[in-house]
Each structure stands twice: as structure tokens, then as C-alpha cells.
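Quick one: this structure, given as C-alpha cells, is what I'll be asking you about.
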Amino acid sequence: MGLWTRKDINTLQMEALAGADVHGNSLKRVLSAYQLIMLGIGAIIGAGIFVITGEAAANYAGPGVMFSFMVAALGCFFAGLCYAEFASMIPVAGSAYTYAYATLGEFIAWIIGWDLVLEYLVASSTVSVGWSGYFTAFMHEIGIFIPAVLTSAPLAYNDGQFHLTGSFINFPAVLLVGIITSILVFGIEMSARFNNVIVMIKVAVVLLVIGIGIQHINWANLDPLVPPNTGKFGEYGFSGVIRASAVVFFAYIGFDAVSTAAQEAKNPQRDMPIGILGSLAICTVLYILMAFVMTGLAHYTTLNVPHPVFVAINTLGPTYAWLGMLVNIGAIMGLASVILVLLMGQPRIFMSMSRDGLLPGAFGRVHSKYRTPYVGTIITGSAAAILGGLLPIDVLGKLVSMGTLLAFVIVCAGVLVLRHTSPDLKRPFRTPFLPFVPLAGIGICGYMMVSLPAETWLLVTVWTVIGLAIYFLYGKKRSRLGKAAAAE
């Protein structure tokens, strides 16, 4: 019975008001609706535009990647409406983990919590690899050459097997994660200010690229808009557009990350829905326009590189060399803000799991001076640095998409369950058009999950088995809710 024990919603709401750890240190409520939107944009605009779009276009959808963004955005919109209901009703730091605990029980909560570790931790690593590509290109442009053995992963994944590349480590990726981890330890308010500045810079760069690039579209690059299928599922054609939507879904995890900051929002009941849905709407429009411009400037087959926007801009010739430089600067700063938001989200999920007894207490420790979950932040940053330094971007990106999609499916299902089990709860924001919206979210996200490659499913299965072993050997025995239920 302990597997399906659920958290009482009223208890969660009381925890949100108290918000203190076992040492009496609580997270600081300083984030406004504007800052939450900026956090969302900070996480959303980055890897999707600057990194993942190129791989998705080159390998799966061609110029049709813009339709892939539309499919992914539709799934995100339905899931975002469900997230907004939960985040306004249960404004605590655990995101989908906490929502699942309240609706589907401890076992499902653990699975989704462990899945979120995969999502945020691996996403941070993925973006750090993309950042390294732009940083290295920028250094090259100004005459500083970093040895290739220090700027790429020592492992590559081809034909279902890992291979040694001859590189030593992706050092720029490791260095960036270390710097951002330090910033996060020193406080959420400073981190939010740092993020706001970077977001304004990278949005300006994106708008500049769209404005100039759209005037120089080579329409031959867009014909055919969706290349014909090669005969294999997921290689161009309709199935390629759908598979690409699952790959670029990685780009939308920003609004999910906003929900992890609920316990630091000034007025979460009002501001969380604004932050989640506002950032999603703004970024979707920019994504579609940017995908159109990139595949119009450069043939999609040339974009499977860590810095595809730079490659697209280079087709404009030396006249716009300055824009290529700006793109590199915008990507360097923009991807850094993505990593900041992702590394901010994961420790707060660790903190919620720790307070429930499912992880050791150190993960929930809040710094007495900076009031941040510093132990979880350091652990997350260290692990992300190792992954970013050793693994290639294609393996990391697909794992993140799988983790994100599963989280969205669970949240959509949770809204349906809670409306049935607790219909009278106060809901500052209500997901409209039930049951259509949650069911549509489950259907679209589930279909995108199915379209991901078999090796991604295999890696996620291995990750899940490891998580189940930790739960049954440690978490289940120490679960505070389980102990309380057994004592009754």
C-alpha cells in the first residue's frame, strides 16, 4: 500500500507557506511574474534555436522542422495548461514530482522525480556541449585556437555503439557548468538578475537574425519543404517531422523549469500561470521564425553541427561577418542562461524528494546565508560537468526529450485524476476544456515518445531500473509518508 500513498494537498499548501528545511532555512520569495517569464525564456530560447534545430533539420525533417516545432508547441501548450493549474494550486519546489505525489502516489512520484533528474541534469550537459561549440568558433574568429582534443567529447555514438574519438575532454563545457554552479550557490536573486540581462541580449540577437535573414532567403533550400521519406521511419517525410518534433521538444523544457521556482515566487497563485504560458507563447513564435530563416539561408544537410545558426549566417558572405560574430556572442550568453535555469531546477526537485525521505537529507539542505539548496546544486553541477565533458550532444539531447515528454504525460494525467478525486479544491487557475486538454497533451506527447529511436528507449529503461533499485533499497524504507501510514 505504501507504493500508492498520496500526499495531502492541504499539507503541501502548508509546506509551501512554511517552506523551511530541517534547520529552519527557507527559500526566498523574490521572483515576480516578469522574472518568471524571463526565467522561462532564459531556458527555452537557447538549445532549441542555437543547437538542436540543426540536427533535427539535417537528420529528420529538413525545412519541415518548422512544422516539428508547431507539433511540439501544441503538446507543450496542452501540458502547460496542466502545469499552470498545479503550479498555482501547489506552489512548492518539486514540479511534476510533487504533482504526481499528490495525485498518483509515491511510486509514480519517485519515477517522475528520477525522470526529472534525467531531464534537468542531462539537459544542462547537452546545452553545455552546444555552448562549447559556439565558444570555440568565437575564439577561432578572434584568432585564439583551442586544441580539438579539449573541445569535443572523447566518446561518439554511431551504429548503436560508443566509439573513442581521440579527444580528451570537452573542457569549455566543464568550465561553464562550474562557473554557473557557483553563481547559483550564491543566491536566486542574483541568478535572476544575471538571467534577465542575458535574456534581453539573446532575444535581441534572435530578432536581428530573423529580421536580416528573412530578406535573404534562398527559396531553393526550402524545396521540398518536407523531403520524401527514405523508406525508414523517422527519416524525412511525415514520420520524420514527428520524430524531429520529439527531438526539438527538448527546446521547450523552459516552462517546465519555471514550475520548479514556485516556492520562490512572490505571488505564485497569480504569477506561475503567467510565467509558464507567457514564456511558452513568446518562444514558440520565435522558434518557428528562426527555423524558417535557418533552413532558408543554408541547405538543411549542412546544419548538423554544434553551431548551426553560425553556419546559416555564414552563407550571407563577408558583408554580414559582423552578424555571425553577434550570433556567436548571443549563443554563448544565451546558452549560459539556459544552463543556469536548468541547474537551478534540479536541486529544488532534489530538495523536495529529500524532505519526503526518498533521498538523503543533505539534498534538502538550504544554505543559512544564501538560502539556496547548495548541496544539491553542487552535486548537480558536478554530475552535469562530467556528462558534458565526456558525451556527445546527439545522445544527450534525445535522452532529455524522453524525460521531458514523460514528465508532461504524468502532469496531464495528474490533472485528470485530481479533478476526479478532489473536485472541490481551490484552484486559482483551472485547466480549460476538460478532459480534452489533458487527453490531447497525453496523446501528442505519448506519440512523440513512441517516435524516438529504440536506443533512447533502451538508455531510459536502464536509467529507470537504476532509479527503481535506489527507491526500493533506500527511498521506500525511509519515506516519511510511508512511515506515517504504517504507524496508523
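The values are calculated or read from the model by the stated rules, or taken from the named source; none is laboratory data. In this text the structure is predicted, and so the values were computed from the model without any measurement. Note that each Cβ is placed from the backbone with ideal geometry, even for glycine, and that neighbours are counted across all protein chains shown. Quick note on the areas: whole protein, heavy atoms, side chains included, nothing else; ligands and nucleic acids left out. Shrake-Rupley method; radii C 1.70, N 1.55, O 1.52, S 1.80 Å.
Just to check your reading of the model, which residue among ALA262, ALA257, ALA204, ALA291 is farther than 25 Å from ALA58 by Cα, in contact (Cβ under 8 Å) with a residue 60 or more places away in the chain and in contact with a Phe, Trp or Tyr (Cβ under 8 Å, 6 or more places away or on another chain)?
Numbers: ALA262 fails: in contact with a Phe, Trp or Tyr (Cβ under 8 Å, 6 or more places away or on another chain); ALA204 fails: in contact with a Phe, Trp or Tyr (Cβ under 8 Å, 6 or more places away or on another chain); ALA291 fails: farther than 25 Å from ALA58 by Cα.
Answer to the selection: ALA257.
Here is a follow-up. Just to check your reading of the model, which residue among PHE250, PHE238 is touching a residue at least 12 places away in the same chain (Cβ under 8 Å), assigned to a helix (DSSP H, G or I) and within 24 Å of GLY334 (Cβ to Cβ)?
Values: PHE238 fails: within 24 Å of GLY334 (Cβ to Cβ).
Matching residue, one of PHE250, PHE238: PHE250.
While we're on this one: The conditions are (1) in contact (Cβ under 8 Å) with a residue 60 or more places away in the chain; (2) touching a Leu at 6+ places or on another chain (Cβ under 8 Å), and GLU455 fails exactly one of them. Which is it?
(2)
Looking at segment 384-404, is at least one residue open to solvent by 20 Å² or more (accessible area, probe 1.4 Å) and either of a type in the set (Gly, Ala, Ser) or in contact with a Cys (Cβ under 8 Å, 6 or more places away or on another chain) (or both)?
No, the conditions are met nowhere in segment 384-404.
So which pairs qualify, if the first residue must be in segment 403-425 and free of Cβ contacts under 8 Å to residues at least 40 places away in the same chain, the second must be buried (at least 18 other Cβ atoms within 10 Å of the Cβ) and part of a helix (DSSP H, G or I), the Cβ gap must be under 7 Å, and the two must be at least 6 apart or on different chains?
From residues that are free of Cβ contacts under 8 Å to residues at least 40 places away in the same chain, the pairs are LEU416/PRO438.
A follow-up question, please. Just give me the residues in segment 434-488 being among the basic types (Lys, Arg) and either surrounded by 16 or more Cβ atoms within 10 Å (Cβ to Cβ) or closer than 26 Å to GLY234 by Cα (or both), in sequence order. Even if it seems obvious, please write down each step before you answer.
Within segment 434-488, the subset among the basic types (Lys, Arg) is 476-478, 480, 483.
Of everything in segment 434-488, just one residue is among the basic types (Lys, Arg) and either surrounded by 16 or more Cβ atoms within 10 Å (Cβ to Cβ) or closer than 26 Å to GLY234 by Cα (or both), namely LYS476.
Here's a follow-up. Any residue in segment 427-445 that's aromatic (Phe, Trp, Tyr): show its pairings with residues that are at pLDDT below 90 and open to solvent by 40 Å² or more (accessible area, probe 1.4 Å) at Cβ separation under 9 Å, as long as the two are six or more apart or on different chains.
Correct list of pairs: PHE429/GLN269; PHE429/ARG270.
Do we have VAL411 as open to solvent by 20 Å² or more (accessible area, probe 1.4 Å) and either modelled with pLDDT under 90 or acidic (Asp, Glu) (or both) here? Full working, then the answer.
Working: open to solvent by 20 Å² or more (accessible area, probe 1.4 Å): no; either modelled with pLDDT under 90 or acidic (Asp, Glu) (or both): yes.
No, not satisfied.
Just checking, does segment 183-200 include any residue being among the acidic types (Asp, Glu) and in contact (Cβ under 8 Å) with a residue 60 or more places away in the chain? If you could, list the steps in order and put the result at the bottom.
Of segment 183-200, the ones among the acidic types (Asp, Glu) are 189.
If we keep only those that are in contact (Cβ under 8 Å) with a residue 60 or more places away in the chain too, we end up with 189.
Yes, segment 183-200 has at least one match.
Taking segment 341-359, which residues are surrounded by fewer than 24 Cβ atoms within 10 Å (Cβ to Cβ) and part of a helix (DSSP H, G or I)?
Within segment 341-359, SER354, ARG355 qualify.
May I pose another question? Residue under question is ARG371, and the condition is that it be outside any loop (DSSP other than H, G, I, E, B), basic (Lys, Arg) and buried (at least 17 other Cβ atoms within 10 Å of the Cβ); does it hold? So that I can check it myself, show each step before the final result.
On the way: outside any loop (DSSP other than H, G, I, E, B): no; basic (Lys, Arg): yes; buried (at least 17 other Cβ atoms within 10 Å of the Cβ): yes.
Taking the combined requirement at face value, the residue does not satisfy it.
Within segment 458-481, can you find the residues that are without any contact (Cβ under 8 Å) to a residue 24 or more places away in the chain and of a type in the set (Lys, Arg)?
Selection gives LYS477 alone.
Looking at segment 423-488, what helices (runs of 4 or more DSSP H) fall wholly within it and have at least 2 residues that are polar (S, T, N, Q)?
Answer list for segment 423-488: 454-470.
Follow-up. Exactly one of (1) in a helix (DSSP H, G or I); (2) at pLDDT below 85 is unmet by VAL305. Its number?
Only one criterion is unmet by VAL305, namely (1).
Do we find that ARG355 is over 20 Å from the mean Cα position of the chain (by Cα), among the basic types (Lys, Arg) and closer than 19 Å to ALA109 by Cβ in this structure?
On the way: over 20 Å from the mean Cα position of the chain (by Cα): yes; among the basic types (Lys, Arg): yes; closer than 19 Å to ALA109 by Cβ: yes.
Judged against the criteria, ARG355 is a match.
Quick one: which residue in SER259, SER245 is within 12 Å of LEU39 (Cα to Cα) and either modelled with pLDDT of 85 or more or buried (at least 24 other Cβ atoms within 10 Å of the Cβ) (or both)? Write out each step before concluding.
On the way: SER245 fails: within 12 Å of LEU39 (Cα to Cα).
Answer to the check: SER259.
Further question on the same structure: Which one of these is over 15 Å from ILE112 (Cβ atoms), among the aliphatic types (A, V, I, L, M) and out of contact with any Asp or Glu (no Cβ under 7 Å at 6 or more places or on another chain): LEU468, LEU396, LEU418, LEU405? Lay out the reasoning, then the answer.
Numbers: LEU468 fails: over 15 Å from ILE112 (Cβ atoms); LEU418 fails: over 15 Å from ILE112 (Cβ atoms); LEU405 fails: over 15 Å from ILE112 (Cβ atoms).
Result of the check over LEU468, LEU396, LEU418, LEU405: LEU396.
Go through the residues of segment 361-373 one by one and say whether even a single one is touching a strand residue (DSSP E or B) at 6+ places or on another chain (Cβ under 8 Å) and either farther than 22 Å from ILE274 by Cα or not polar (S, T, N, Q) (or both). Please lay out each step first, then the result.
First pass over segment 361-373, keeping only residues touching a strand residue (DSSP E or B) at 6+ places or on another chain (Cβ under 8 Å): 366, 371.
Restricting the remaining residues to those that are either farther than 22 Å from ILE274 by Cα or not polar (S, T, N, Q) (or both) gives 366, 371.
Yes, segment 361-373 has at least one match.
What residue, of GLY80, GLY133, GLY113, is part of a helix (DSSP H, G or I) and open to solvent by 10 Å² or more (accessible area, probe 1.4 Å)? I'd like the intermediate steps shown before the answer.
Values: GLY80 fails: open to solvent by 10 Å² or more (accessible area, probe 1.4 Å); GLY113 fails: open to solvent by 10 Å² or more (accessible area, probe 1.4 Å).
After ruling out the rest, the residue left standing is GLY133.
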